[in-house]
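S.K.: Got a structure for you, written out below as structure tokens; questions coming shortly.
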Amino acid sequence: MNAADLTPDALAKLEAKLLAELETVRKVRALLVEHQIHTGPAAPAPTPPLVAFAAPAAPPPPPVPPQKSYEEILAESLREMAPEGFVIGTLKDTMRKKRKGGLQGEEERAKQDIGRLIRQGRVEVVRSSIGRIGNTYRYLPTAEELAAKAAAEAANATTSAENPAPSAAKPGADAANGHPPPASASTNAQSA
């Protein structure tokens, strides 16, 4: 155990584990004593010398990122929807992919939230249709989301302007490395 492992929870777990092991040892000892009473005293088994073994320190488990809330997954999924519109099934599929364990009973909640977002003016009905697929919706991003998107695009534009793409090779240049062909080839052609 190292200093990083010394948390109250880890110490409580270790204490519980050791107490359980101690209880097991006491039960085995009681069974041994009971067996010796019925069969007669036996010579005590030699006890091995106690040697302190250093247990190899196990690497700590990787930190598990916290599960995103339903509202965060809904907001991310809505931002990813196509601007020309989406159906409720596409939104649910995107949300399922984002949540590791699936939606778990939240299938109907997505439809209710779309209704709430329509009333708030954040989603609009593009095409109303009855049937299995249902209505087509469009997500209307907020002003803050539009400003953040514009800032991200501006940052990407400046990054691409600072690192321009390599220019095309000059005519007659070696296509593999952009160098002109060796001069000896042209002089041999002129002398002949």
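The values are calculated or read from the model by the stated rules, or taken from the named source; none is laboratory data. Owing to the predicted nature of the structure, the values given are computational and were not obtained by experimental measurement. Reconstructed Cβ throughout: ideal geometry from the backbone, glycine too, with neighbour counts over all protein chains shown. Keep in mind that these areas ignore ligands, DNA and RNA; they rest on the heavy atoms of the full protein, side chains included. Shrake-Rupley method; radii C 1.70, N 1.55, O 1.52, S 1.80 Å.
S.K.: Going by the conditions given, is Thr94 at pLDDT 70 or above and over 25 Å from Glu145 (Cα atoms)? It would help to see each step written out before you state the result.
M.R.: Numbers: at pLDDT 70 or above: yes; over 25 Å from Glu145 (Cα atoms): no.
No.
S.K.: Please identify the pairs in which a residue from segment 60-84 that is without any contact (Cβ under 8 Å) to a residue 60 or more places away in the chain has its Cβ atom under 7 Å from the Cβ atom of a residue that is assigned to a loop (DSSP other than H, G, I, E, B), counting only partners at least 6 apart or on another chain.
M.R.: Sorted first by the residue in segment 60-84, then by its partner, the pairs are Tyr70/Glu106; Ile73/Arg99.
S.K.: Here's a check for you: in segment 130-161, which residue that is open to solvent by 70 Å² or more (accessible area, probe 1.4 Å) and assigned to a loop (DSSP other than H, G, I, E, B) is nearest to Val87 (Cα to Cα)?
M.R.: Among them, the one singled out is Ile133.
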